[in-house]
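The values are calculated or read from the model by the stated rules, or taken from the named source; none is laboratory data. Only a predicted model underlies this, so the values are computations on that prediction, with no experimental measurement involved. Every residue, glycine as well, gets a Cβ built from its backbone with ideal geometry; the counts of neighbours run over all protein chains shown. Heavy atoms of the whole protein, side chains included, go into the accessibility calculation; ligands, DNA and RNA do not. Shrake-Rupley method; radii C 1.70, N 1.55, O 1.52, S 1.80 Å.
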Amino acid sequence: AVAIPQFARWFADSVPVVVGGWKLATITCKTVVSPMAECDAVYSLDASKSGGGTRGATNTTFLADMPDVFDNPRFGKDDNDVTVTAKVPFGPPTPLGKVLESLPSSMALRTDLGSTLQLMRPATTKAVLNEMVPFGAIPPEGLGSVPAIYRIATWEIHGPLRNAGMVGAFPPNVSVSELTLTVKLDADPSINDSKFMIEAKGDAYARDGAH
């Protein structure tokens with residue numbers, strides 16, 4: 001799951017929190033693919049009186065200050081938010097066939113990845129591994145007619161972006177399918193809260209012998 005540390009590095013190096021007085025609200029990557037995927041970033045005007053960072057901010061100031069990492073700006077109907085697109089590097093691609101060559105059993109996956117997610121729970125607001133289901137086509141004769149059964153389970157984490165390194169240590173059979181970064185500049189950082197919160201979802205694969 002190297003995609004999340006790659007995203008965290010790209011975010012730290014390339015994305016300003018304020019552009020022309022507009023504040024970053026979210027970055028959404030609906031489909032995470034390697035080596036690169038398109039993500040949408042939303043910047044907003046602060047409606048609160050204390051939001052001095054957006055005083056004097058206009059569509060013109062955003063466009064004048066927009067960094068090269070972004071393109072295709074689309075202003076909202078009330079001109080209170082703007083969405084831009086960025087190409088995000090997610091690391092080298094790993095063909096699914098290569099991932100399927102060496103997989104743990106579903107019990108080993110549940111034990112190892114499940115335990116890792118359990119250990120992450122104090123530092124997150126959600127860390128779960130969902131039920132495993134057969135992956136791929138099932139022959140008419142049933143699962144007992146095939147020499148091996150591939151299984152897939154979805155996983156999900158909500159927590160501070162600083163946990164990116166822990167997710168990056170997941171084994172190769174665990175992939176990231178989508179992620180969303182939410183910026184809360186007024187947040188008081190704690191063990192499971194941060195100014196930069198990430199929601200990540202993905203898949204984990206296992207292989208069992210047929211019974």
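Over all Cα atoms in the chain, the spread is summed up by Rg and Dmax: 20.4, 69 Å. Spherically averaged projected area of the convex hull of Cα atoms, the range 1-92: 6.3 nm².
What the phi angles of the range 17-25 give under the Karplus curve with 6.51, -1.76 and 1.60, with θ = phi - 60°, is a coupling list of 6, 10, 10, x, x, 8, 9, 5, 10 Hz, glycine and proline written as x. The portion of the accessible surface of the chain made up by carbon and sulfur, rounded to a whole percent, is 55 (1.4 Å probe; DNA, RNA and ligands excluded). Build a GNM of the chain with springs between Cα atoms under 10 Å: which of Asp78, Asp188, Asp112 gets the top mean-square fluctuation? Looking only at Asp78, Asp188, Asp112, the biggest GNM fluctuation is shown by Asp78. With both labels modelled 7 Å from their Cα along Cα-to-Cβ, the Leu63 to Asp186 distance reads 3.1 nm. Heavy atoms of the protein chains alone define the surface here; on that basis the chain has 53 Å² accessible area per residue at 1.4 Å probe size. For the options Leu96, Leu63, Leu161, a Gaussian network treatment of the chain with springs between C-alpha atoms closer than 10 Å singles out Leu96 as fluctuating the most.
Placing pseudo-labels 7 Å out from each Cα toward the beta carbon at Phe75 and Glu156 gives an inter-label distance of 3.6 nm.
With 0.36 nm allotted per residue and the present C-alpha distance subtracted, the Leu96-Ser115 stretch has 4.4 nm of extension available. Between Arg9 and Glu38, residue separation times 0.36 nm minus the direct Cα-Cα distance comes to 8.8 nm. In this simple spin-label model, placing a label point 7 Å from the Cα along the Cα-to-Cβ direction at both Thr85 and Lys30 gives a separation of 1.2 nm. For the range 161-211, what class follows from the C-alpha gyration tensor (a ≥ b ≥ c being the square roots of its eigenvalues): rounded when a/c is under 1.5, otherwise prolate if a/b is larger than b/c, else oblate? Cα axes put the range 161-211 in the prolate bin. Run down the lysines and flag those whose C-alpha is under 25 Å from the C-alpha of Lys23, throwing out any fewer than 8 positions away in its chain. The reachable lysines, counting only those whose Cα sits under 25 Å from Lys23, are Lys49, Lys77, Lys87, Lys184, Lys195.
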